[in-house]
Each structure stands twice: as structure tokens, then as C-alpha cells.
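No lab work stands behind these numbers, since they all come straight from the coordinates. Note that the coordinates shown come from a computational prediction; the quantities given were computed from them, not determined experimentally. Methodologically, a virtual Cβ is constructed for each residue, glycine included, from the backbone with ideal geometry; neighbour enumeration extends over all protein chains shown.
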Amino acid sequence: MNGIHDMGGMHGFGPIPRETNEPVFHAAWERRMFAIVLAAFGARIFNVDEFRRAIERIPAADYLRSSYYERWMRALSALLQEKNIASAEEIEAALRLTASGGAAGSHEARQAARRPSAEQPASPAGAARPRAKRRIPVRFKIGERVIARNLNVEQHIRLPRYARGRRGVIRHDWGVFILPDKHAHGGDIELCHCYSVEFDGRELWGDEHPAGESVLIDLWEPYLKSATAKRGAASSSGQRRTTKRSVQNKRRVKS
Amino acid sequence: MNGIHDMGGMHGFGPIPRETNEPVFHAAWERRMFAIVLAAFGARIFNVDEFRRAIERIPAADYLRSSYYERWMRALSALLQEKNIASAEEIEAALRLTASGGAAGSHEARQAARRPSAEQPASPAGAARPRAKRRIPVRFKIGERVIARNLNVEQHIRLPRYARGRRGVIRHDWGVFILPDKHAHGGDIELCHCYSVEFDGRELWGDEHPAGESVLIDLWEPYLKSATAKRGAASSSGQRRTTKRSVQNKRRVKS
Amino acid sequence: MSDHGHRDHNEPESGPALRVKAIESLLVEKGVVDAAALDAIVDHYENKVGPRIGARVVARAWVDPKFRRRLLKNAIPAIAELGIPSGPEGEYLTVVENTPEVHNLIVCTLCSCYPWPVLGLPPVWYKSFAYRSRAVSDPRGVLREFGVELDPRVEIRVWDSSAELRYMALPMRPAGTEKLSEDELAALVTRDAMIGTAVVKYPPAAVARAHAQD
Amino acid sequence: MSDHGHRDHNEPESGPALRVKAIESLLVEKGVVDAAALDAIVDHYENKVGPRIGARVVARAWVDPKFRRRLLKNAIPAIAELGIPSGPEGEYLTVVENTPEVHNLIVCTLCSCYPWPVLGLPPVWYKSFAYRSRAVSDPRGVLREFGVELDPRVEIRVWDSSAELRYMALPMRPAGTEKLSEDELAALVTRDAMIGTAVVKYPPAAVARAHAQD
């Protein structure tokens, strides 16, 4: 999705807002919002790609005027409805009840009564999956020249606009991850290699950009094509090789 | 400037809002706002490029939540201050006076008292300048293949992001216009050819885009480079030719 | 969506209304603008220009092939023949012809440039973020939203008005209109047809509906 | 700018506060989440993780070249040696080394991905639109805003965390710290230095100021 979230290279957002002695959370509700979303990941209500998609779907004007955790709140509300956990009416009814004091105090009471007992850190987002040995075809090798494809799908995608159509070099092969595209829409799990691709600053921002800068972007294999292959023809450098590299099924898999 | 105004290709703005029997203006203040800005053009307080730049400089969140004429209002306020016509304090003082009824009614009174006497259409933005015969070098010819340069300047520019780095074909040479870039910042008048460049839809949006679509964008010569020239080398097809084409000094020139 | 064009409809003394009034007072006081001139500008754009002008041009092009040729070649002198003056946002007008093979669509992605002298001021939808963003990347989807389903073989050309050129589409003349007068033809031509988001229908939809109910 | 991170500071019953409370009640009621588990999550991220963890890793890498090598090669098992568990947003941690030739800067332009297990939750500036937009296109300008003026010959590598990999910069050890203990070294390392928007200074700026006033 070509949305406002895809901000790399935009101008006009002013100076970077810095805060001294910044607290982890800036309000009590931010604490709870953060924890609820992590708990929802843990409960496998939605996966992280669906959550990111839900944030991207916030209308641009609202996205820009919301704070970080307000965006989480909007995304969570949308996903609870989408996943039939709670309807919009239920959420509004709960809001009215809370506003009228119906549930007021109960949260504080719970908090006072219960102390976290677990010494283990909460790992709600479904910690790393065990690594599976599997042969997964790999298309690009370290040092190979590639072009980030010019994909402009309306669905979720993690290929920033500023890199599209630009030439880069494969620097790392991180192993196999779940492709976020379909996964963000509750779809199939597609496993493929994810690479670190280095783009020269002048390739990204034009010939007048200062030298000595590069950006490394983590890109899934389907986002890339060979830069050495002839247009439209499968190239020898682009042919698929099967590696013995262990499959690192690194991303959260819906159970 | 890579700003929110550069919307071509973005997703997520929902359905196109259509209105039946739409009036020319939707509120009395829109009428006046429109007329004030046109009168300000006529008074040569700022040029159209400066006005566009001022609109683009509206912070993105405000841009998105403002209506069209609200954006004009913000841009006008900024330009009045920049051009030392009215300070922020003066504008706020006038606002307080108006809010307190100090100037209330006066506008309606004026309107009732005066009927427009001029039968001629108002031509406040400084109508077309006389065409001058001048030899201006022209770099590209009709049918020539070009690449829109990947320019990412923070200043005003009229080269949409979605075309940058993309290949197109020169379809028309519109003659000579003022380059908006410096002109938008109160700078020098630079005259150069402006072309209609046709880009195939698949070149702009990727190989999976449907065939049979193209976008024609009007681009000034400095936004383009030859697609046939070798990288970094001046090409024969890129050499400058001097035409006898009449110079159409088409854009509003500050007096 | 937030790109409505009339937040302050029926709220005469809202924020923008007051602020615009304040700015006008200030600029009149300073002698920068003249209230009577503002009235004349409003009158011109509210009452004198509008899509009926463009419709006259289209009708003439339909009945006069030589005029049509002149119009497509160089629109400004051609419309001057009809007594239509040029003016701001229209000094460099180009008319592009819709045919059975090619459909043209006009947009301005960067702001909302529009050919004022022939179509008046643009409608809210033309200025909307939805139209500005999608017209270039999904013109067929946009047309579908307007109820226009083109044959997939028809090529679409989108004109992004990024400079001082302004565009107007010359729609196709509908079949069955051979006996209509130039004025009757002009009455068929809608604003949207001259932007490219509609085709001209005959009989017009309203007439067709009325007949169906006979 | 509107990308503030704390609109509702000191407004306990504001819109978001009420709405989040309502959502929590609803989800607890439905048995989807457990209030005690929420408390544990908050406690973990508010009190147990944070940049002090990353600073320990950096200090160890400064004093132990073999550890440093292991860390740069594969960060997860290396930090496990220090008893630092991995966790969400850090399962695939990579540590990138700043040198006199190369300076690394971490960003996530698409959202705000950040290595939680070693740095805790990100500061507001890291999540700001200003940082997300400019870190990739104007890293030197961004660094200047943070008071870091690099030699123009130093190459900048910006890591845009667009997938599940998370990055931490290993800052350069400042001169004059040869006699400091590992704990003293860790105390010098700031969060920003591990994102790449600061360099580690010795003596720290505050100490230097105090000495200057002696």
C-alpha cells in the first residue's frame, strides 16, 4: 500500500522532537495499550503483519494527527472487529459504560490486588519458532546486483516506495522468513529468503545527492529482480539454487 | 519538495466524493477567499509558484484535514507575512476585531452598495504576457526517449515523485515557460522548454500493471535527461539545438 | 474522508469565515485589494464562466469538422472565434480528443489545476485527494466509480497538469444526434465528459428514464 | 508538529484513556486477555528492559575482542552469554560496528521497528515522522541535528528495518577509557549511541562541564 506510513524521503515534518529524561510511557493508558496489543499477539488473535496493515489503513489525516499509541488503539479496534472478537457496537457500549464510571476503578483495584508473579519476561508475540532444516530455493547470492521491483499494490507490502526501481547489491542473506504480503491479510504462509540490500544514496536520491551514503533495506526475494538479467528473460545469475542453509522460520506463524 | 501534496499513486483516500448540483462555492467565505487570492496575484504580491509552494508547506496533517480553500487561506496568511504585507500579529489583531464585531457588517454593506461595474472579466492573475521572438535552446525533440530525473529537492519542484527515474517519450514541445523551481522562492526567472512526456503505465507502476494506459506529464527541460545518452556522457541526441520557435513567455512574470 | 470541500457550509461565522473576513478587511485597509474588484472576481467565476462554455466549444466541434481541426491544433484562437476569452488557468489550453480507440482523462496530482475559462472552477471531487491520487495509477477504477466502463481495448491517456498547460477532453458525439441543433448538442455535454470521467449520452439519462416510465 | 508522543499526558480521562480502558474491560470480560498478564508485560517493558542492557553488551565488546567478534557475527548467542534473553522485536538481532571509516544509523521508515530486548521501547523521536522520513535521505542533516558532526570522509550506512531483522549500533570506544572497568564503560554508553545518533564521549559531557567549572 502506497500510504502515508511509507515516509522515507518525505520532507516537511520539521525538526526531530527530542525529550530529556523521557519516560517509557507518557500516560497510564499507553502502558495498558501496549500490553493489550502484546497480549493479543500472544493470544494469536492476529499476527504482526496484520497489525502493521491495520495501522497503515488508518486514514492518512488521522494517522498524522495521532500519537504512536493512538495508532495502536485504532488498529487494535479495527482488528478486533475484523476478527469478530468485538463488534463496533460492543466497543462503543463498553466505552459508554467506562465513561459513566461503570468500570471505573476496577482496573486500579485489579492492579493493586495483583502483583506480577511471573519472573520470566512476557513473551506474548510468540517467541522465535524452532529452526527447521529445510531446503528452500535461494535466488540471489551475496554481492549480486539487483533491482527493487516497482510494485504498487494496494495490499500490505514492506518494500518502501523510495527504493522501488532502484539498483542495489545483496549484502546479506538472512535466511527464510514469512512473506508479509499475504500474511498481513490473513492469507497463506509463504516462506522465502529475506536479504539485506544496499542502495547507494545517489541511486536512491539522485545524482546530486552527496557521495558516501548508503541505505541497507531488508527485502524479501519476491521484491527483487536481477539487475544483470536481460529484460523479460530469465538469467543465468537469476536461476534458482537450492541451499543447505537451515530454514529459519523466523516469523510468527499463526497456530 | 517531497510533500503530501504529491499524491499521484497513493492509496487509501477512499471513494471519490461526488456531489449533485454542486455550487461553485460552498460558503460565502470561500467566495471571498478565492477573490482575495486572485486580487493578490493581480497586485503582484506573489506569483503562482510562490502560492503553490506556500500550499505545499502546510504541515501534512493540516494539509489533509483542511478543505481546498482552507489551504488557500493558510498559504495566503503565510505569504502575507513572508512578503511583509501583514505580520502575524496584525492578522491576529484583525481577527480579534472581526470576531468582536468590529468589522462585522461592513463587508455586507460594501457588497450591497457596490455592484460590479466592469463588464470585462476580472483578469487578476496577470493575463498572458505578449509572446516574444527569441531563440531559446531546445534539447529534446518530439519522439525522443527521456528519463525523468530523480530529483529530491526540499525546494519547490513540479516533477511528481511517481515519475522520477521513469522512462518516457517526448510527445509535445509546448515552448518556453518560466521554470517554477527558483521562481517559487522569489528567485530568478529561468526560461526553458516545457514538454509533454508520455510514460507507459507499466513503466510507472510496474510490470503487473494493466497494459493500454499511459500518463502524460508536463515537464520542464531540467527535469529530464536523455534515455539514449550513455551514463555521465553528453550524448549526440542530447546536444542543444537552437530553434526559431517563438518564445512563448507564457508564465506570469513578476513586474 | 477529510478532504471534503465545504466543512463550513451553513456555519457562517466559523473559524475560516472570520479569518477570511479579517484578512479581507486588513488588505482593503492597506490598499492591497479593492473590495469592488473582489466582487467583480466573484461575479465572474460564479456567474459568467462554467462548463456551459466548454459545452458550446464541444458542440461546435461536433458540427464543424474544420473548427474541430483548428481546435485540436491550437485551442486558444479556436475558442476565440466563438467569442470565448482566455484567462487565468487557461492561457495555454489544449483540447484532447476522445475516440473509439483512445480515452483521455484530465487530472492535476500536485494541486488542482483546471481549465477555468472553459469549465469554470473545478468541482470538489476533482480537488479531492481520492481523485488526485488514483487518476494516474488506476484510471479504469476511477472511471468505473463514475459509472464508465470502457472496452478493455480502449487506450487510456491521463493528462497530469503539472505545468501551465490546461486540458479539456473533447468527448465523442453520441449516435442518434444527427438532427439535433448545435444548442441541443451543447445541452447534452456535461462537465464530467469534458474532464474525461463521463461519456456523453443520448438521450440523456433523465430523458431515457422518463421515456421508460411512459 | 502533530507527531507528538504524549498528547494525553496529565489528562487521565481523555479520549484514548477511556477507550483503552473500555477495550481492556471488554477483552478481560471475554477472556481474551488476562489483567495479570498485562501487568507483567508492563512491568517487563517499563522496569526490566532498556538501554542499560545494550550498554552492557557494548562494554563487554569493548573489553573482550573475542566476544566482540562473536557479537558482530551472530548477536543472539553472544548476548545470551551475558544472560540476556531474546524476545519480541529482537529475535533476529544484528549488531553493526561503527568505525573511523563507517558510521551506522538505525531507522524504520515504515513503522518504528526497534530492538526491544537490548534497548527497551523506542523514544518518541525515533517514532517521529521527522526522523522516519529524513534518516534515509538526509542522515548527515539528522546527525547534525543531534549534535554529531562527522568527518565528511566517514561513510554513512543507514539500516532501514523493513523486515524482522533488528539492528543495534556498536559505538566506538572513546579514547582515554583504557583504565575504566566494564561497568564504568557501560555507564558511558547512551541509548542514542546504540541507534547511531550519538557518539560515546569521555569524559561524559556532564562531567566535562563540572570539571570546566572547577
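Per 10 Å bin from zero, what fraction in whole % of the C-alpha pairs of segment D:84-214 is there, up to the bin with the longest pair?
It works out to 12, 41, 34, 12, 1, 0, in whole percents.
Averaged over peptide C:121-127, how many Cβ atoms belonging to another chain are found within 10 Å of each residue's Cβ?
5
Output ³J(HN,Hα) for segment D:15-29: one whole-Hz value per residue in order, computed from phi by the Karplus curve 6.51 cos²θ - 1.76 cosθ + 1.60 with θ = phi - 60°, and x for Gly and Pro.
In residue order, the calculated couplings are x, x, 4, 5, 5, 5, 4, 5, 5, 4, 4, 4, 6, 5, 4 Hz.
Rg (Å, one decimal) plus Dmax (Å, integer) for the alpha carbons of segment B:28-114?
When restricted to Cα atoms, segment B:28-114 yields Rg and Dmax of 13.9, 41 Å.
Under 19 Å from a point placed 7 Å out from the Cα of B:LYS141 along the Cα-to-Cβ direction: which residues of segment B:168-195 have their backbone N that close?
B:168-176, B:193-195
What number, in percent, do you get for the relative contact order of chain C if the mean sequence gap of Cα pairs under 8 Å and at least 6 apart is divided by its residue count?
It rounds to 23 percent for chain C.
Suppose R0 equals 22 Å; then what is the FRET efficiency for B:GLU82 and B:ASP188 from their Cβ-Cβ distance, rounded to the nearest 0.05?
0.80
Using each residue's phi in segment A:176-181, evaluate 6.51 cos²θ - 1.76 cosθ + 1.60 at θ = phi - 60° and report the 3J(HN,Hα) Karplus result to the nearest Hz, with x for Gly and Pro.
9, 10, 6, 5, x, 4
Can you list residues from other chains, or at least 5 along the same chain, whose modelled amide H is less than 5 Å from the amide H of C:TRP159?
For C:TRP159, the qualifying residues are B:LEU216, C:LEU105, C:ILE106, C:VAL107.
Applying a 10 Å radius around every beta-carbon, put B:42-54, A:78-90 in order of their mean neighbour count, most first.
B:42-54, A:78-90
Every cysteine in chain D with no other Cys Cβ under 4.7 Å from its Cβ, please list them in numeric order.
Within chain D, the cysteines lacking a partner Cβ under 4.7 Å are D:CYS111.
Show me, bin by bin at 5 Å from 0, the whole-percent P(r) of segment A:1-42 based on Cα pairs.
Using 5 Å bins, I get a P(r) of 5, 15, 14, 11, 18, 25, 11, 1 for segment A:1-42.
So if I place +1 on the C-beta of Lys and Arg and -1 on the C-beta of Asp and Glu, and nothing else carries charge, what would the dipole magnitude of segment A:28-114 be about its Cα centre? I want it in debye, nearest 20.
Dipole of segment A:28-114, to the nearest 20 debye: 240 debye.
Rounded to the nearest 10 degrees, what's the angle between the helix D:51-63 long axis and the longest principal axis of chain D, both from Cα atoms, 0 to 90?
That helix lies at roughly 20 degrees to the long axis.
List C:CYS113, A:CYS194 from most exposed to least, where exposure is judged by having the fewest other Cβ atoms within 10 Å.
C:CYS113, A:CYS194
Fewest Cβ neighbours within 10 Å first, please rank D:THR109, D:THR190, D:THR99 accordingly.
Listed from fewest to most nearby Cβ atoms, that is D:THR99, D:THR190, D:THR109.
Take B:ARG18 and D:LYS201, extend 7 Å from each Cα along the Cα→Cβ direction, and tell me the distance between the two endpoints in nm.
Going by the 7 Å Cα→Cβ label model, 6.2 nm.
Gap in Å between the Cα centre of segment C:143-175 and the Cα centre of segment D:93-164?
45
Want the number for D:ALA187 to D:ARG153: 0.36 nm per residue separation, take away the alpha-carbon distance, what's left?
9.3 nm
Past the 18 Å Cα-Cα mark, which pairs from A:LYS83/A:LYS182; A:LYS182/A:LYS225; D:LYS73/D:LYS201; B:LYS141/B:LYS182; D:LYS127/D:LYS201?
Listed pairs above 18 Å: A:LYS182/A:LYS225; D:LYS73/D:LYS201; B:LYS141/B:LYS182; D:LYS127/D:LYS201.
Express in whole angstrom the spacing between the alpha-carbon centres of segment A:1-25 and segment B:161-199.
First find each Cα centre; the distance between them is then 32 Å.
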